[in-house]
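Notes follow once the structure below has been shown.
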Amino acid sequence: MDENSISREIIGAAIEVHRILGPGLLESAYQECLARELTLKKISFEREQPIPIEYKGLRLDCGYRADFLVEKLVVVELKSVEKLLPIHQAQVLTYLKLLNLKLGILLNFNVPMLKEGIRRLALNL
């Protein structure tokens, strides 16, 4: 699958989670349920994917982690906040840069309709 196909599957899985749970829960609940949906769809993913940072030959262990790395191609970052802010989008774009990937999905589950909380972010795609 390519990034766009994976993206459609991820968004479909997230919509199913939101349809069942609705808004207002902690991010960790949505993360568990999204992992279950991806598993049911037989989509490979890694949770809490470490984000390596290198600075002038020095590897830093700063503890940054992407919520999901799906099919080793798409970064997925979950939020459950009142409103997505530019810093949330910057976080995903930076993760893409550091992992040398092209597509990220930012999902805010704390919205009445999930389509209002979906941001697809591309870097050199």
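Computed from the coordinates by the stated procedures, all read-outs in this text should not be read as laboratory data. This one's a predicted model, so the numbers in the text were calculated from it and none came from an experiment. All Cβ positions, even for glycine, are placed from backbone atoms using ideal geometry, and neighbour counts span all protein chains on display.
Which value at 222 nm does the chain reach when only helices count, each DSSP H run of 4 or more adding -39,500 (n - 2.57), with the total divided by all residues and rounded to the nearest 500 deg cm²/dmol? For the chain, the value works out to -12500 deg cm²/dmol.
Take the Cβ atoms of Asp2 and Ile53, set R0 to 22 Å, and the FRET efficiency comes out at 0.20. Relative to the dominant Cα principal axis of the chain, helix 27-40 is inclined by about 80°.
Potential lengthening of the chain between Cys62 and Glu82 amounts to 4.5 nm, from the contour at 0.36 nm per residue minus the alpha-carbon distance. Among the trypsin sites (Lys or Arg not before Pro) within the range 50-125, those in coil by DSSP and having at most 12 neighbouring Cβ atoms inside 10 Å are Lys56, Lys72, Lys83. Legend: residue pairs Lys42/Lys72; Lys41/Lys72; Lys42/Lys83; Lys72/Lys115; Lys79/Lys115; Lys72/Lys102, Cα-Cα distance threshold 21 Å; pairs beyond threshold, Lys42/Lys83; Lys72/Lys115.
Based on C-alpha pairs under 8 angstrom that are at least 6 apart in sequence, the chain has a relative contact order of 24 percent. Going by neighbour counts of Cβ atoms within 10 Å, the residues Thr94, Thr39 line up, fewest first, as Thr39, Thr94. Relative to the Cα centre, the charge distribution of the range 39-93, modelled as +1 at Lys and Arg Cβ and -1 at Asp and Glu Cβ, gives a dipole magnitude of about 120 debye. Hey, if you put +1 on the Cβ of every Lys and Arg and -1 on every Asp and Glu Cβ in the chain, which of Asn100, Leu60, Leu84 ends up farthest toward the positive end of that dipole? It is Asn100. Secondary structure note: in the range 3-122, about 75% of the DSSP beta bridges are antiparallel.
Sorted fewest first by neighbouring Cβ atoms within 10 angstrom, Asp67, Asp61 come out as Asp61, Asp67.
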